[in-house]
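All remarks here apply to the structure that follows.
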Amino acid sequence: MKKIIKGKVVSIKMQNTVVVEVVRKVPHPLYKKLLKRSKKHKADVNGLSINLGDTVKIVQTRPISKDKHFKVTEVVK
């Protein structure tokens, strides 16, 4: 099953690649307060025009390069 994640574009400085930050909320193990945890993924852009700050959906693929394991499927906003 392929993993589909929603995130925000934080860098567009590379060719054919964007950096997408994915934020999730996790409860603290003891106190149960919701904490923000974020992770940055490099994603391949297949001809889409993407701007900084856009919200995009990325899907997990085979490794495209050393760090790239995701592809941008659509621009949400």
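A few notes on this one:
- Test for K13: is it surrounded by 10 or more Cβ atoms within 10 Å (Cβ to Cβ) and assigned to a strand (DSSP E or B): no
- Hey, I64 assigned to a loop (DSSP other than H, G, I, E, B) and either surrounded by 15 or more Cβ atoms within 10 Å (Cβ to Cβ) or touching a strand residue (DSSP E or B) at 6+ places or on another chain (Cβ under 6 Å) (or both) or not: yes
- When K36, K42, K8, K25 are checked against the criterion of being more than 13 Å from F70 (Cβ to Cβ) and surrounded by 15 or more Cβ atoms within 10 Å (Cβ to Cβ), K8 stands alone in meeting it.
- Any hit, segment 45-59, residues being farther than 20 Å from K77 by Cβ and surrounded by 10 or more Cβ atoms within 10 Å (Cβ to Cβ): no
- Residue check for T17: under 22 Å from K77 (Cα atoms) and under 15 Å from the mean Cα position of the chain (by Cα): yes
FYI, it's all coordinate maths here, none of it is from the lab. Keep in mind that what you see is a predicted model, and the values were worked out from it rather than measured. Note: ideal-geometry Cβ built from the backbone for every residue, glycine included; neighbour counts use all protein chains shown.
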